1. Let me make sure I get this right: for the stretch 106-151, a, b and c are the square roots of the gyration tensor eigenvalues over alpha carbons, sorted descending. Under 1.5 in a/c it's rounded, otherwise prolate if a/b > b/c, else oblate. Which is it?
2. F32's amide H: which non-local residues (gap 5+, or another chain) put their own amide H closer than 5 Å, with H modeled 1.01 Å from N in plane and none for Pro or chain starts?
3. Looking only at the stretch 3-154, where both bridge partners belong to it, what percent of the DSSP beta bridges are antiparallel (to the nearest 5)?
4. Take the Cα of T36, step 7 Å along the line toward its Cβ, and report every residue of the stretch 1-15 whose backbone nitrogen sits under 18 Å from that point.
5. Around L91, under 12 Å between beta carbons, what's the net of Lys plus Arg minus Asp minus Glu among the other residues?
6. Put +1 on the Cβ of every Lys and Arg and -1 on every Asp and Glu Cβ in the chain; which of L71, L90, S19 then has its Cα farthest towards the positive end of the dipole?
7. Helix by helix through the chain, keep the DSSP H runs that span 15 Å or more along the axis on Cα and average at least -0.5 on Kyte-Doolittle, and give those back in order.
8. Mind ordering 126-134, 8-16, 143-151 by average Cβ neighbours within 10 Å, highest first?
Amino acid sequence: MEFLLAVDLGVKTGLALFSSDGRLLWHRSQNFGNKTRLRKAIPWIVSLEEDITYIVIEGGGPLLKLWDAYLEKRNIEVLHIMAEEWRRALLLSREQRKGAQAKENAVRYAGIIIQKISNQKTLVTNNNAAEAILIGTWAMEKLGWINSAAALLRD
């Protein structure tokens, strides 16, 4: 079995772990407070599941460089995306016109994903964790682990 860690990049980081059988195993968000604490936490985050095969990271800039510096030494394939890419694939046009609106819809759709593919039926109240769930769902389709991420949201 392979594992995918989805990361909504930021000092307030959203995380979601998926398995190659199309399951959401867990999700969470963590406020690291600053760049230094985030840098120190990256090894811990990556070790949350010892068999992570892929990491998909949404975002860029100096925080992405922290992740890339750590991950280049590991045998983990890294996918980089920007929010616009997964939003265009998963959200309807009217659902992503404004950033705040897209974040609200991410929380709503993350709840749908949790109900459909997770054994842990916990609520998502944080847009960082919600976006990590959607980022990971998008990546599972790209990896061929699920047929259609958008259909999962609307069926």
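Values quoted throughout were computed directly from the atomic coordinates according to the rules given, and no laboratory measurement underlies them. Predicted model only: the values in this text are computed from it and were never measured. Positions of Cβ are generated from backbone atoms using ideal geometry, with glycine treated the same way; all protein chains shown enter the neighbour counts.
1. Prolate, since a/c reaches 1.5 and a/b exceeds b/c.
2. When sequence neighbours closer than 5 places are left aside, the close amide H contacts are K12, T13.
3. Once the DSSP bridges in the stretch 3-154 are tallied, antiparallel ones form about 55 percent.
4. 11-12
5. Net charge around L91: +3.
6. After comparing all options, I get L90.
7. 35-46, 99-117, 127-143
8. Top to bottom by mean Cβ count within 10 Å: 126-134, 8-16, 143-151.
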